[in-house]
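Where a number appears in this text, it was derived from the coordinates with a stated rule and is not lab data. Owing to the predicted nature of the structure, the values given are computational and were not obtained by experimental measurement. Counting neighbours? That spans all protein chains shown, and the Cβs are built from the backbone with ideal geometry, glycine included.
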Amino acid sequence: MAKATIPIVSAHAPSPSFEYFSTKKDEFVGWARKFSLFPYPFVTACCAMEFMAVSSTPYDTDRFGAALPRFSPRQSDLLMVVGTLTHKQAPVLLRVYEQMCEPKWVMAFGACATSGGFYQNYAAVAGIDRIIPVDIYVPGCPPRPETVIDAIMKLQDRIAGSRHPIITKTF
């Protein structure tokens, strides 16, 4: 007669109900964050006109959940770097990025923010990714409003599909 073994379950092993709850929680929080982006426009150059066009009536970023620009880094979660960045402005951009709360995302808006644009000189930074991490790049000089809206939608898909560690195993 064989002895019956009793399965030993670790006290810290996640239960199936926790796994289900945390999966559904990630989907719900991702959906909520996807449609509640608060952009901080770091506008330095001529792409500002296109940024204003994106927020106007024909394109209306409010439909995509990115309507209200916040002019305080502590109240925003999307940093939109619009235009040329000089080496004198780089420490200011870094400070703004560091003051933003987690989670935070960065959009490089236009050719100058992406790669330095046509300003190949000593004063312009050749891409803001040398200063802060960039999540999405918007090409163009200046980029069309449709391109910016497409980039916002791609960023929203990335936000919805990511993990959102609000509830941990000990909670």
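Tabulated results
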quantity: Under-5 Å amide H pairs with TRP105, H placed in peptide plane, nonlocal only; calculated: LEU78, LEU79
quantity: Other-chain or far-sequence residues with amide H under 5 Å of PHE42's (modelled H); calculated: MET80, VAL81, VAL82
quantity: Average Cα contact separation per residue, the stretch 52-171, under 8 Å, 6 or more apart, as relative contact order %; calculated: 23 percent
quantity: Residues CYS141 and CYS101, FRET efficiency given R0 of 25 Å [Cβ-Cβ distance, rounded to 0.05]; calculated: 0.20
quantity: Calculated FRET efficiency for the pair ALA126/VAL92, C-beta based, R₀ 25 Å, to 0.05; calculated: 0.90
quantity: Under the Karplus curve 6.51 cos²θ - 1.76 cosθ + 1.60, θ = phi - 60°, whole-Hz ³J(HN,Hα) for the stretch 150-157, x wherever Gly or Pro sits; calculated: 4, 5, 5, 5, 5, 5, 5, 5
quantity: In order through the stretch 61-68: 3J(HN,Hα) via Karplus (6.51 cos²θ - 1.76 cosθ + 1.60), integer Hz, x for Gly, Pro; calculated: 5, 4, 5, 9, x, 10, 8, 7
quantity: Whole-Hz couplings from phi, Karplus 6.51/-1.76/1.60, listed for the stretch 125-136; x for Gly and Pro; calculated: 7, 7, x, 6, 5, 7, 9, 9, x, 10, 8, 8
quantity: Net charge over other residues, Cβ less than 15 angstrom from the Cβ of GLY110 (K, R count +1; D, E count -1); calculated: -3
quantity: 5 angstrom amide H check on THR86, placed H, neighbours 5+ away; calculated: VAL125
